[in-house]
Amino acid sequence: MERLEAELYPSGCVPLIYNIVEMMVEEKRKHRNVTIPAAALAVVMQLAGKEMERIAICAEDGGGSAAETLKEENEVMLRLRAALNA
């Protein structure tokens with residue numbers, strides 16, 4: 001709000017105000033929590049797993065490491081599986 005107030009007082013530039021508000025909304029959106037049914041999450045994980053298999057094959061065919069290519073994705077999948085099994 002301080003950024004908005006600082007910009008409003010001297011100029012009142014409408015596009016700038018919209019930009020600041022959009023940035024604030026995006027910051028709030030990044031930190032929100034959502035709830036989805038476990039079954040829906042399981043389906044999404046199955047689809048993601050199939051896509052990860054495809055990416056792994058492409059990485060290996062290109063001479064790369066599937067494990068290194070999918071390191072971040074594997075970590076996320078492990079956290080999701082732990083959440084489903086909790």
| request: Would you mind working out the accessible area per residue for the chain, using a 1.4 Å probe, and quoting it in Å²? | output: 84
| request: List the relative contact order of the chain as a percent without decimals, with contacts defined as Cα pairs under 8 Å and 6+ residues apart. | output: 18
| query | What is the local net charge at I55, summed over the other residues whose Cβ is closer than 14 Å to its Cβ (Lys, Arg +1; Asp, Glu -1)? | reply | -4
| note | Label model pair A82, K50: point-to-point distance (7 angstrom along the Cα→beta-carbon line) in nm is 2.8
| task | Could you name the lysines whose alpha carbon sits less than 23 Å from that of K71, not counting residues in the same chain fewer than 8 places away? | result | K30, K50
| Nearest 10 degrees, 0 to 90: helix 14-30 Cα axis against the chain principal axis | 40
| task | Would you mind calculating the gained length between E72 and E2 on full extension (0.36 nm times residue separation, minus the Cα-Cα distance), in nm to one decimal? | result | 21.6 nm
| task | Kindly express, to the nearest 10 degrees and within the range 0 to 90, the angle between helix 71-85's C-alpha long axis and the longest C-alpha principal axis of the chain. | result | 90
| request: Enter the angle in degrees (range 0 to 90, nearest 10) between the Cα long axis of helix 38-61 and the first principal axis of the Cα atoms of the chain, meaning the one along which they spread out most. | output: 70
| task | At 0.36 nm per residue, minus the direct Cα-Cα distance, what do I17 and A39 gain on full extension? Give it in nm, one decimal, please. | result | 3.8 nm
| remark: Net charge (Lys, Arg +1; Asp, Glu -1) of residues whose beta-carbon lies under 14 Å from that of M77, M77 excluded, is -1
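The values are calculated or read from the model by the stated rules, or taken from the named source; none is laboratory data. Predicted model only: the values in this text are computed from it and were never measured. Positions of Cβ are backbone-derived with ideal geometry, glycine not excepted, and every protein chain shown enters the neighbour counts. Just the protein is used for accessible areas: all its heavy atoms, side chains included, with ligands, DNA and RNA removed. Shrake-Rupley method; radii C 1.70, N 1.55, O 1.52, S 1.80 Å.
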